[in-house]
Amino acid sequence: LQQQGIFKSEDLLSRFFRISIEMCVELCYRTLNDPSINPTLARAKCYHTMDAFVRLVVVLVRFSGESTNNVTKINLVNKVLGTVAHVLVQDHEVHTTEFHQLPYHRFFIMLLTDLTTSDPVFEAIIFPVLQAFGSTYQLLKPSRAPGFAYSWLELVSHRIFITKLLLHTPQKKGWPMFQQLLISLFKFLAPFLRNAELSKPTHLLYKGTLRVLLVLLHDFPEFLCDYHFAFCDVIPPNCIQMRNLILSAFPRNMRLPDPFTPSLKVEMLPDIAHAPRIVSNYETIIPDNLKKDLSEYIKARSPVTFLSELRSKLQISTEPGNQYNVSLINALVLFVGTQAIAYIHSKGSTPSTSTIAYTAHMDIFQHLLVDLDTEGECLYRELYHLLYSESRPIVPKSEKNRPFVSLYQ
């Protein structure tokens with residue numbers, strides 16, 4: 001390759017990788033579509049072809065650049081993944097329903113496996129490599145390439161990728177990336193789940209998603225705890241099972257009290273003084289003009305028209321089942337609840353039914369409960385579950401649910 005001048009320019013290198021992957025994919029198509037070849041043998045031949053290309057890429061990454069400079073290796077990984085992703089999208093657009101996932105799935109799986117082995121050369125670039133794969137998977141999300149959705153789900157939930165990204169990255173740097181991948185999956189499923197239109201392919205993808213959540217609940221519950229608010233923002237309210245899988249997560253170092261303990265008093269639990277960790281920046285969801293009016297009303301209960309206009313600011317359409325901006329409702333309620341707790345603490349009091357009553361914060365909550373229609377009220381009441389302790393039903397941990405307790409009392 002060096003003698004042929006492949007490495008002399010970026011364009012030549014990109015062209016080499018593009019033609020190589022196109023040749024491999026074309027061979028796989030011919031093999032898989034040949035009725036004279038046994039399906040098992042056809043798959044084995046495709047694996048052999050893709051594995052050979054992967055080994056070439058791994059060798060190039062290993063010996064590219066200087067041993068003390070990893071930038072060249074990382075750039076090469078990004079170039080290869082970007083080229084393959086581009087070829088995949090084009091292939092998906094051309095073949096549509098005749099698209100084959102197999103060659104691309106095999107390529108990504110084998111390349112990830114080889115680049116994350118316990119080798120000093122690759123261990124030095126493990127996190128940039130995971131970032132490159134995460135960015136590529138985000139480019140190939142189900143809404144972009146629906147025909148690749150099954151393989152995509154298997155790739156993002158692969159034991160190597162999920163373990164390295166969530167467990168072995170320093171300071172949880174890989175967590176936001178995996179959160180974005182899951183949100184892309186939830187957003188793709190949302191229209192089908194909201195309308196309960198689950199054809200067999202969609203139902204299989206939904207079942208696979210539930211299994212991924214079960215793995216996260218068992219092995220990485222802290223991840224679900226940190227991002228439960230962002231996940232529930234994009235999961236339709238009628239997906240009770242999926243939401244409960246997320247809301248039932250709690251940190252592994254936490255011991256939950258027995259809800260059947262006689263005379264159990266939630267306010268006496270020591271954990272109730274600690275607010276749940278919410279990594280999502282929910283305040284950015286609230287428009288600046290609404291946040292300004294909201295802050296002014298909390299401080300001085302003005303303007304007087306704020307409450308009567310609040311419902312219209314939360315609506316986005318007149319379509320039944322999709323009238324309200326769910327993310328905005330969630331962010332607004334959490335913002336007001338947080339401000340209420342801070343206000344009570346500033347007065348030297350402890351949040352309780354008596355200290356929260358008759359405040360501007362409670363006025364907002366009560367008005368929403370009365371003014372919203374059935375759909376809005378349903379969305380609003382669901383916020384109570386989001387304010388639970390990472391979020392075990394029956395035993396709330398945070399003082400943020402005090403306003404809701406007061407409403408129902």
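The values are calculated or read from the model by the stated rules, or taken from the named source; none is laboratory data. Predicted model, so just to flag it, every value in this text is computed and none were measured. Here the Cβ is made from the backbone with ideal geometry for all residues, glycine too, and neighbour counts use every protein chain on show. Keep in mind that these areas ignore ligands, DNA and RNA; they rest on the heavy atoms of the full protein, side chains included. Shrake-Rupley method; radii C 1.70, N 1.55, O 1.52, S 1.80 Å.
Details
- FRET efficiency, Asn33 to Leu167 (Cβ-Cβ, R0 45 Å, nearest 0.05): 0.65
- Label-point separation, Arg43 to Ala275 (7 Å along Cα→Cβ), nm: 5.1 nm
- Shape annotation for region 137-260: C-alpha extents along the principal axes are 42, 37, 20 Å, from largest to smallest.
- One decimal place: the segment Ser67-Val94 gains 5.6 nm when fully extended, by the rule 0.36 nm per residue minus the C-alpha distance.
- Extension gain from Asp51 to Thr353, taking 0.36 nm per residue of separation minus the Cα-Cα distance: 102.3 nm
- Protection proxy ranking of 170-176, 205-211 - average other beta-carbon atoms within 10 Å, highest first: 205-211, 170-176
- Per residue, the chain reaches -20500 deg cm²/dmol at 222 nm when only DSSP H runs of four or more residues are counted, each adding -39500 (n - 2.57).
- Candidate residues Ser20, Ser135: accessible-area rank, largest first, probe 1.4 Å: Ser135, Ser20
- Dividing the convex hull volume of the alpha-carbon atoms in the chain by its residue count gives 192 Å³ per residue.
- By accessible area, using a 1.4 Å probe on protein heavy atoms only, region 8-124 has 56% of its surface on carbon and sulfur.
- Think of the chain as a dipole: +1 on every Lys or Arg Cβ, -1 on every Asp or Glu Cβ, centred on the Cα centre; then among Ile285, Asn195, Ile162, Ile162 lies furthest on the positive end.
- The label point for Leu198 and the one for Thr305, both projected 7 Å from the Cα toward the Cβ, are 4.6 nm apart.
- Taking the chain as a whole, the Cys residues whose C-beta sits 4.7 Å or farther from every other Cys C-beta are Cys24, Cys225, Cys232, Cys239, Cys378.
- Helix 175-194 axis versus longest C-alpha principal axis of the chain: approximately 80°, rounded to the nearest ten.
- For Phe7, Phe17, the ranking by accessible surface with the largest value first comes to Phe7, Phe17, using a 1.4 Å probe.
- Cα-centre dipole for region 76-124 with unit charges at Cβ (Lys and Arg positive, Asp and Glu negative), debye to 20: 40 debye
- Cα-centre dipole for the chain with unit charges at Cβ (Lys and Arg positive, Asp and Glu negative), debye to 20: 620 debye
- Probe 1.4 Å, protein heavy atoms only - accessible area per residue of the chain in square angstrom: 50 Å²
- Burial ranking of peptide ranges 36-44, 354-362 (average Cβ count within 10 Å, highest at the top): 354-362, 36-44
- Each residue, Gln366 and Tyr150, gets one label point 7 Å from its Cα in the Cβ direction; the gap between the two is 5.6 nm.
- Think of the chain as a dipole: +1 on every Lys or Arg Cβ, -1 on every Asp or Glu Cβ, centred on the Cα centre; then among Leu334, Gly174, Pro236, Gly174 lies furthest on the positive end.
- With the highest mean first, a sort of the peptides 26-34, 115-123, 218-226, 325-333 on other beta-carbon atoms found within 10 angstrom per residue produces 325-333, 218-226, 26-34, 115-123.
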